[in-house]
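The values are calculated or read from the model by the stated rules, or taken from the named source; none is laboratory data. Computed from a predicted structure; not experimentally measured. Cβ placement follows ideal geometry from the backbone for every residue including glycine, while neighbour counts extend to all protein chains displayed. What goes into the accessible areas is simple: the full protein's heavy atoms, side chains included, and nothing from ligands, DNA or RNA. Shrake-Rupley method; radii C 1.70, N 1.55, O 1.52, S 1.80 Å.
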Amino acid sequence: MWPPNAALEALELAHPGRSSIVRALCALLADRDAAPPFLYLHDAFCPRRTHVMLTDVLRSVNARASVVDARSCISQRAFFSAVLRQLTSGDLELEKSWTDSVDGFCAGLREILGISSPSERVPRSLTKRKTRKSKSRSPTKKTPTRRRRQAVESDSDSDNAMNVDSDNAMPLGPVVLAIDSAEHLRDHLADLLVPLTRLHELARIDITVVFVSSNSWIDVQPPFAAAPDPYMIHVPPLDKESMIATLSLPYAGPPALLSLFRQFIASLYATCSAFIRDPDELAYIAAVTWPPVAARIQEFEDGNAPSDVRLVQGLVPAFHAALDALYTRALAPEEFTALHLAPFLSSISADRPFSPSKTAPSSPSKKGPVQENLEAQALADDLPRVAQFALVAAYLASFNPPKSDIRLFARSTEERRRRQAKTTKGKRAAVAKIPPRLAGPAPFPLDRLLALMGRLMEDFDAPVDDEEEGMVDLHDIAREQAEMDGGRVQTLGLISELATLRLLHRVGSADKALEGPPMFKCGVSYAVALALARNLGIPLADYLWEAN
């Protein structure tokens, strides 16, 4: 039965961005005779939301459905029992033979649905064809009109048993068996894959089997093409507007903070969408971070606080920390609030309650040069030697222009000084430029980082020998070793780990990763780079480009 317009609009509002899929499911399941026998819903990003959407659609079309989670059914008997109990709503006691085998399960389905034998209720097309062609002889003579009347009455009785709700006297939709997390069937219920996909043929009843899975059908289907091809529906990921609308649905706070909450959700999505595509994970981060913020704002204006973009921007560091702490479940919500949210919320001044003060504890406090140097040296000592070379090369790549890299590839110190002198004479100008260290780090490609890293390792990580006879051989060995280290998979993994530790910053979104080489920015300060260079014996000042 096609749902009313009000119910259809409610479904579309409850599932933003899924209007086309909701209408497609309603069109497939509204008519019992037109419903496909096997349907496959593939959602690689959030199958739980798709399961909830399917449940709402089945309720709107008034389907007689049984929804089972494949992860909770560890045996064949448990699966059959869960399906049959949902169809009977606990009113009918199950027979033991119904859960012993597939044949018994099919017999139980026919009994529960009001069909005593397979010949009384087969698929509608087969029933009509058999009714027309059957010419069974009877000892009593029957006229054609009488035979047609009896056939119509028996068919209508069977239809009434299947399609009419005895309590509400309204037509029912199809009989649906929905299986959530269907990819787990192949692990411990592999023998049921083929019977479930062909349940329409085995039980000889009008039933639709729906698989909801995060894996594609190619990964779930049994071998040797034993199962029929399903009616496939691919669920795409939510776009920005649909994701923000989905995360804004459960808002139940004061109406005055609704606009601020929407800006809060938009900032959360902009910060975490490159790493998290599951709306449930984003909703979890929002559920942890928003209540303390709302409670703090209500202390000043009694819930009538206007939205302020600066307050939302002040929460961006907390969102970055949530990626490492809440998304990985490394910290409990109470611990995260105490470590990352409480300092920022306490820094909101009373005279300007909607913008953080200049001396916010959440921002790094100013430290003396001695303490900063000690912390930089401690960080440099904790990193492996290859990581130290990578960070020094990243610092040079961020604060030196690409045209200055030729100095690093010069053969000797005299040649480097000669090139530096020529460059300085040719670049004299009346207007002084801003030093690169004051302009901030610039992005650089991964290939440049590996090239600078290999050159530094060749110059400062080579074995030392006092005899001049072996200098050429040792230099060649060092060059080959540097090239091998720069191209190893371990080195690329180390660069990815440095980006995870925020010592390197990835530039650009993950959606544009295939459009060009990976781009990075250096995330360490000059003090840390100087401590790393001191450990490696690199004269950092000789390799830094000066604008003047």
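Contact map, the range 213-226: first residue under 13 Å from A190 (Cα atoms), second residue not in a helix (DSSP H, G or I), Cβ cut-off under 8 Å, separation 6 or more or different chains; pairs are V220/F211; V220/S213; Q221/A227. In the range 178-225, what residues are open to solvent by less than 50 Å² (accessible area, probe 1.4 Å), of a type in the set (S, T, N, Q) and assigned to a loop (DSSP other than H, G, I, E, B)? Across the range 178-225, the qualifying residues are S181, S214, S216. Restricting the range 52-74 to residues that are touching a residue at least 24 places away in the same chain (Cβ under 8 Å) and of a type outside the set (A, V, I, L, M, F, W, C), the residue that is most open to solvent (accessible area, probe 1.4 Å) is R71. Has the range 291-301 got any residue that is modelled with pLDDT under 90, open to solvent by less than 40 Å² (accessible area, probe 1.4 Å) and part of a loop (DSSP other than H, G, I, E, B)? Within the range 291-301, none of the residues are modelled with pLDDT under 90, open to solvent by less than 40 Å² (accessible area, probe 1.4 Å) and part of a loop (DSSP other than H, G, I, E, B). Every listed requirement among (1) open to solvent by 60 Å² or more (accessible area, probe 1.4 Å); (2) at pLDDT 90 or above; (3) farther than 22 Å from H234 by Cα is met by R49 save one, (3).
Looking only at residues in the range 226-243 that are open to solvent by 70 Å² or more (accessible area, probe 1.4 Å), outside any loop (DSSP other than H, G, I, E, B) and in contact with a strand residue (DSSP E or B) (Cβ under 9 Å, 6 or more places away or on another chain), which one is nearest to P37 (Cα to Cα)?
Step one: of the range 226-243, the residues open to solvent by 70 Å² or more (accessible area, probe 1.4 Å) are 229, 231, 234, 239-241.
Subsequent filtering for residues that are outside any loop (DSSP other than H, G, I, E, B) retains 231, 234, 240-241.
Checking which are in contact with a strand residue (DSSP E or B) (Cβ under 9 Å, 6 or more places away or on another chain) leaves us with 231, 234.
On the way: Y231: 9, H234: 18 Å.
Top of the filtered list is Y231.
The number of residues in the range 1-36 being surrounded by fewer than 19 Cβ atoms within 10 Å (Cβ to Cβ) and under 24 Å from D206 (Cβ atoms) comes to 12.
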